[in-house]
Structure formats: structure tokens, C-alpha cells
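Novice: Mind having a look at this structure? Questions to follow.
The values are calculated or read from the model by the stated rules, or taken from the named source; none is laboratory data. Here the structure is a predicted model, which is why all the values come from computation and not from measurement. Every residue, glycine as well, gets a Cβ built from its backbone with ideal geometry; the counts of neighbours run over all protein chains shown.
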Amino acid sequence: MGNRAPAHVELLQGTLDVLILRTLLGEPKHGHAVAKHIQRTSEQLLQVETGSLYPALHRLEAKGWVAASWELSEKGKRARYYRLTPRGRKQLVAEQSRWETFSRAMGLILNPADQDGQ
């Protein structure tokens, strides 16, 4: 058995919101572009399904973390574009800090420096 990465990784509960917020940090995007950005940036490991993406975008909009407006896409079709709000930027900073702490803790547990204990 090789060290090949799985085709896709299941998203952990609560990760989609922070992924969307981070994706919208640069510029407004429509839903399909958000999903494609996450997939491309994660080297195809994360795939966000439509059934998860749009409820998450609506939830973030209801919380005031993103705002949406109808605009013409680059293909000339009407699309709903989402942008990060100041509250969303603040939330992203908090979420990113939590994830970095969590990631560090998991790394310490999964890859302990002192292997003698086990």
C-alpha cells in the first residue's frame, strides 16, 4: 500500500464556514467560484457539494458575515455574488486562530516529539 492521498477528504463539522470566509477574503465570488476555489486551493482534496455550499452561504449571510448582491458573471449570466463584511473579517480572524490552535494540538498528539512513552 502506497502513500497516495485519498481522492477527496470529508469536511469536518464546522470547517465549511471558515473555508468560505477565507475564500471571500480576496474578492467577491459567486457560489460556483467559491466551490471551485476551495477545490483548487486544496489541490482537489476538498470538494464542496452544492447541497452544503448554498445553505452555508445563506447562514453566513444571516449572521452578517457575508453580504450578497446580484451581478453579471464573466459569462454574462446573472449570479449572486458574495463578499466578506467587516464582521466576517473579524470572524475569520477568530476562526483562523482556533483552527491553528486545534491543528497544533492535533499535530502534537499524532506526531509526539517523545516517542519513548508508547
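Novice: Are any of the residues in segment 44-64 touching a Leu at 6+ places or on another chain (Cβ under 8 Å), over 19 Å from H8 (Cβ atoms) and buried (at least 18 other Cβ atoms within 10 Å of the Cβ)?
Specialist: yes
Novice: Let me ask you something else. Consider segment 41-99. How many of its residues are under 12 Å from L19 (Cα atoms), in a loop (DSSP other than H, G, I, E, B) and either in contact with a helix residue (DSSP H, G or I) (Cβ under 8 Å, 6 or more places away or on another chain) or charged (D, E, K, R) (or both)?
Specialist: 3
Novice: Looking only at segment 100-113, count how many residues are under 18 Å from D17 (Cβ atoms) and polar (S, T, N, Q).
Specialist: Final tally of qualifying residues: 2.
Novice: State whether the residues of segment 30-43 include one that is modelled with pLDDT of 95 or more and more than 20 Å from H8 (Cβ to Cβ).
Specialist: So far as segment 30-43 goes, yes, one or more of its residues are modelled with pLDDT of 95 or more and more than 20 Å from H8 (Cβ to Cβ).
Novice: Can you work out which of the residues in segment 8-42 that are buried (at least 17 other Cβ atoms within 10 Å of the Cβ) and free of Cβ contacts under 8 Å to residues at least 40 places away in the same chain is farthest from the chain's Cα centre (by Cα)?
Specialist: Applying the filter and picking the extreme gives A33.
Novice: Can I ask one more? Starting from residues that are more than 14 Å from the chain's Cα centre (by Cα) and free of Cβ contacts under 8 Å to residues at least 12 places away in the same chain, keep the ones in segment 72-93 and report whichever is surrounded by the most Cβ atoms within 10 Å (Cβ to Cβ).
Specialist: K90
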